[in-house]
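Below you'll find the structure, written out as structure tokens, and then a few comments.
The values are calculated or read from the model by the stated rules, or taken from the named source; none is laboratory data. Worth saying up front: this structure is predicted, and the values here are computed from it rather than measured. Cβ atoms come from the backbone with ideal geometry, glycine included; neighbour counts cover every protein chain shown. Heads up: the accessible areas ignore ligands, DNA and RNA and are worked out on the full protein's heavy atoms, side chains in. Shrake-Rupley method; radii C 1.70, N 1.55, O 1.52, S 1.80 Å.
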Amino acid sequence: MADRVTVIGWDGSPLTAAARSALGAATLVAGAAHHLALPEVPPAAERIRLGSVALAARRIAAHRGTAVVLADGDPGFFGVVRALRAPEFGLEVEVVPAVSSVAAAFARAGMPWDDAQVVVAHRRTLRRAVNVCRAHTKVAVLTSPGAGPAELGLLLEGVHRTFVICEALGSEREQVTVVTSDKAADHTWRDPNVVIVIGGTAGAGESGDWIAGRDPSAGPRGWTLPAESYGGLMGEGELERLRAAQLVRLGPRVGDLVWDIGCGSGAFATEAARAGAAVIAVDRDPRACARTEANARRFGVQLQIVHGTAPHALENLPEPDVVRVGGGGPAVVSAVADRRPQRVVTHAATRDAAELIGRDLAQHGYEVECALLQSVELDTRAWTERERSVAFLLSGVLPDRTA
């Protein structure tokens, strides 16, 4: 095992005394090509071109001597430190940090970043990273080959954002470019880079007052809010207790894309967005789209609103994680199930309609649950019945996609 492993962050600035001392004593140095070309690297040291961190860690673990790993930015922030500290390698690691690439990118842009979301985009996480960019007004994306500015821009179709693209930070090739998201695919970008994605309407939870990123306690307390909070105009499928049950069944979260079909006033879409998810709200009624847009502005959440009739309006939408069908009936539920979201919720007014929808979901491979929800609202001044509602709540979960 290596006698000592020091991880040195590099941001283009001159190395600190501690970094120079560790590097001068190294008998093995691992890093990217531009790190290994630094004049401080001892000529006699064994050099490892850093590709797979796991492979490098095995080489380091077998090395008899002093090892140094060079990495861009702060190696403890989405960097190599996590991999090197994995139990299977048994390495004891010391870290000499540098300015993180995210901090450097926002500095180049002259912007604060305590209110920003930070995500890593790989091929396997690109879609979730894009959903965070849909849902939030300021996001820093740490990219990788195949998951860069062009791919981000293509997947953000229908949502206007501004990209601040920072390439080769700290090097002689450093370049900062500002483009709109729809133009990002027109260029070739150096990998990796940092993309600051900004746009949309800032909400109360993104002021950077006391917690980094989005303030989870911002806005009114409660997962669902009464009709008065949304202007009072609501259909049968939007009643507060039904919305609450639907929200619980779907469990929207950061990185998800939610479809709300037949969005009505936008109450459910707004509540899913308040949970941190990206939301596309669909309705054939232009007045419903206008109400949804107004309520999204009122609560400071980001929604993409599509005016159209389902299922045709769904054909070109990006793939959803979870879907609420608030209107359109069995035909729309069937079209949604064809797209294979993890979870689907809807409601029916009669048992016959509920059975029809349930059978269709089951034929699509969903595990179906149905509950008869009855709620009676009482006037507590006289303890008399004010309003009664009854609905069949149906939910479907794909058994191989329960996450």
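Test Ala71 against the criterion of being buried (at least 16 other Cβ atoms within 10 Å of the Cβ), modelled with pLDDT of 95 or more, part of a strand (DSSP E or B) and not basic (Lys, Arg), and give yes or no. Yes; evaluated as a whole, the condition is true for this residue.
Given the structure, is Val29 open to solvent by less than 50 Å² (accessible area, probe 1.4 Å) and not in a loop (DSSP other than H, G, I, E, B)? So Val29 fits the description; yes.
Evaluation of Arg64 against the conditions (1) assigned to a helix (DSSP H, G or I); (2) open to solvent by 50 Å² or more (accessible area, probe 1.4 Å); (3) touching a residue at least 40 places away in the same chain (Cβ under 8 Å) shows that the sole unmet condition is (1). For the range 6-21, taking the residues that are under 38 Å from the mean Cα position of the chain (by Cα) and among the hydrophobic types (A, V, I, L, M, F, W, C), the one that is surrounded by the most Cβ atoms within 10 Å (Cβ to Cβ) is identified as Ile8. Restricting to the range 159-174, and then to whatever is open to solvent by 80 Å² or more (accessible area, probe 1.4 Å) and of a type outside the set (Lys, Arg), can you tell me which residue is modelled with the highest pLDDT? Here the residue is His160.
Taken across the range 209-222, residues that are touching a Leu at 6+ places or on another chain (Cβ under 6 Å) and either assigned to a loop (DSSP other than H, G, I, E, B) or closer than 24 Å to Leu126 by Cβ (or both) do not occur at all. If only residues of the range 219-244 that are open to solvent by 60 Å² or more (accessible area, probe 1.4 Å) and touching a strand residue (DSSP E or B) at 6+ places or on another chain (Cβ under 8 Å) are counted, the one that is farthest from Gly262 (Cα to Cα) is Arg241.
The requirement of being aliphatic (A, V, I, L, M), in contact (Cβ under 8 Å) with a residue 40 or more places away in the chain and either open to solvent by less than 60 Å² (accessible area, probe 1.4 Å) or within 30 Å of Phe78 (Cβ to Cβ) (or both) is fulfilled somewhere in the range 175-183, by at least one residue. Got at least one residue in the range 187-197 being closer than 23 Å to Gly148 by Cβ, in contact (Cβ under 8 Å) with a residue 40 or more places away in the chain, part of a loop (DSSP other than H, G, I, E, B) and in contact with a helix residue (DSSP H, G or I) (Cβ under 9 Å, 6 or more places away or on another chain)? Yes: one or more hits.
If only residues of the range 147-158 that are farther than 16 Å from Val194 by Cβ and either among the hydrophobic types (A, V, I, L, M, F, W, C) or at pLDDT 95 or above (or both) are counted, the one that is most open to solvent (accessible area, probe 1.4 Å) is Leu154.
Scanning the range 27-53 for residues that are out of contact with any helix residue (DSSP H, G or I) (no Cβ under 8 Å at 6 or more places or on another chain), closer than 18 Å to Pro75 by Cα and in contact (Cβ under 8 Å) with a residue 40 or more places away in the chain turns up Gly31, Ala32, His34. Return the pairs, sorted by first residue and then second, in which the second residue is of a type in the set (Phe, Trp, Tyr), the first residue lies in the range 292-321 and is part of a helix (DSSP H, G or I), the beta carbons are less than 8 Å apart, and the residues are 6+ apart or on different chains. These pairs meet every condition: Asn295/Tyr230; Leu314/Trp259. When the range 102-131 is filtered for residues that are farther than 12 Å from Ile165 by Cα, part of a helix (DSSP H, G or I), open to solvent by less than 10 Å² (accessible area, probe 1.4 Å) and of a type in the set (A, V, I, L, M), the ones remaining, listed by number, are Ala129, Val130.
Matching residues to (1) touching a residue at least 40 places away in the same chain (Cβ under 8 Å); (2) open to solvent by less than 50 Å² (accessible area, probe 1.4 Å); (3) touching a strand residue (DSSP E or B) at 6+ places or on another chain (Cβ under 9 Å):
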{"residue": "Gly327", "(1), (2), (3)": "yes, yes, yes"}
{"residue": "Val332", "(1), (2), (3)": "yes, yes, yes"}
{"residue": "Val345", "(1), (2), (3)": "yes, yes, yes"}
{"residue": "Ala349", "(1), (2), (3)": "yes, no, yes"}
{"residue": "Ala362", "(1), (2), (3)": "no, no, yes"}
{"residue": "Leu373", "(1), (2), (3)": "yes, no, yes"}
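When Ala354, Ala362 are screened for being in contact with a Cys (Cβ under 7 Å, 6 or more places away or on another chain) and not in a strand (DSSP E or B), only Ala354 passes.
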